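A.B. asks: Let me give you the structure first, and then I'll get to my questions.
The values are calculated or read from the model by the stated rules, or taken from the named source; none is laboratory data. None of the values given here were measured: they were computed from a predicted structure. Cβ: placed from backbone, ideal geometry, glycine included. Neighbour counts: every protein chain shown. Surface accessibility is based on the protein's heavy atoms, side chains included, excluding ligands, DNA and RNA. Shrake-Rupley method; radii C 1.70, N 1.55, O 1.52, S 1.80 Å.
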Amino acid sequence: MAQEIERKFLVVGDRWRGLAEGTTYRQGYLLSGAGRTVRVRVAGTRGFLTIKGATEGVSRSEFEYEIPLADAEELLNTLCDRPLIEKTRYKIPYEGLTWEVDEFWGDNDGLIVAEVELSSPDQTVQLPDWIGEEVSHDPRYFNAALVKHPYRQWHPAPGS
């Protein structure tokens, strides 16, 4: 069984910008709830179907399969819940790990989250200086939750 072990943090400041090229992501959910999700994603020019199990701590089962780009686009356009998740992902190496910084736009504009995948839940992680509050255990920041309750609905805009 494939296992995803991941910690998630808010990003502070702009010191991360310019450390990597970004890739456009569009993703949607065919199923979300009852401890499992089925996601369709277009990352750049590649399509994926991903099945994830319930989160336990910072771990969950994950199975990901590449699918034809045209199929992924059709699934996103016709069968996935709305709104779609739209973001730019930057993969930034730091202290032997790769941080994935997601800058959201569309209905989740203003949200910037960094994730790091680990080999074990208790792995020690050196945090870059642009990492802020950990939100690994806050379900509002799960991508599937951002479809049902977009960031702009529950987080005030700066200056509000």
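A.B. asks: Can you name the condition, by its number, that Thr88 falls short on among (1) in contact with a Gly (Cβ under 9 Å, 6 or more places away or on another chain); (2) without any contact (Cβ under 8 Å) to a residue 60 or more places away in the chain; (3) within 24 Å of Tyr151 (Cβ to Cβ); (4) open to solvent by 20 Å² or more (accessible area, probe 1.4 Å)?
C.D. replies: (2)
A.B. asks: Just give me the residues in the stretch 116-151 being farther than 21 Å from Gly53 by Cα and out of contact with any helix residue (DSSP H, G or I) (no Cβ under 6 Å at 6 or more places or on another chain), in sequence order.
C.D. replies: Correct list: Gln123, Thr124, Val125, Gln126, Leu127, Pro128, Asp129, Trp130, Ile131, Gly132, Glu133, Glu134.
A.B. asks: Also, I was wondering about something else. Taking the stretch 1-34, which residues are under 18 Å from Glu134 (Cβ atoms), open to solvent by less than 60 Å² (accessible area, probe 1.4 Å), of a type outside the set (Phe, Trp, Tyr) and not in a strand (DSSP E or B)?
C.D. replies: Gly13
A.B. asks: So Glu56 fits all but one of (1) modelled with pLDDT of 95 or more; (2) open to solvent by 50 Å² or more (accessible area, probe 1.4 Å); what number is the exception?
C.D. replies: For Glu56, the exception is condition (1).
A.B. asks: May I pose another question? Return the total of residues in the stretch 112-158 being within 19 Å of Glu62 (Cβ to Cβ) and assigned to a helix (DSSP H, G or I).
C.D. replies: Total satisfying the criteria: 7.
The rows are residues; the columns are (1) more than 22 Å from Gly18 (Cα to Cα); (2) in contact with a Pro (Cβ under 9 Å, 6 or more places away or on another chain).
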site	(1), (2)
Leu97	no, no
Glu100	no, no
Ile112	no, no
Pro121	yes, no
Pro128	no, no
Ser136	yes, no
Arg140	yes, no
Ala145	yes, yes
Lys148	yes, no
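A.B. asks: So, in the stretch 104-118, exactly how many residues are open to solvent by 50 Å² or more (accessible area, probe 1.4 Å) and touching a residue at least 24 places away in the same chain (Cβ under 8 Å)?
C.D. replies: Going through the stretch 104-118 one residue at a time, the tally reaches 4.
A.B. asks: Still on this structure, please answer the following. Please go through (1) outside any strand (DSSP E or B); (2) open to solvent by 50 Å² or more (accessible area, probe 1.4 Å); (3) not aliphatic (A, V, I, L, M) for Glu64 and return the number of the only condition it doesn't satisfy.
C.D. replies: (1)
A.B. asks: Six or more apart or on different chains, Cβ atoms under 6 Å: show the pairs whose first residue is in the stretch 134-160 and more than 15 Å from Gln27 (Cβ to Cβ) and surrounded by fewer than 17 Cβ atoms within 10 Å (Cβ to Cβ) and whose second is at pLDDT 90 or above and small (Gly, Ala, Ser).
C.D. replies: If the second residue must be at pLDDT 90 or above and small (Gly, Ala, Ser), the pairs left are Pro139/Ala145.
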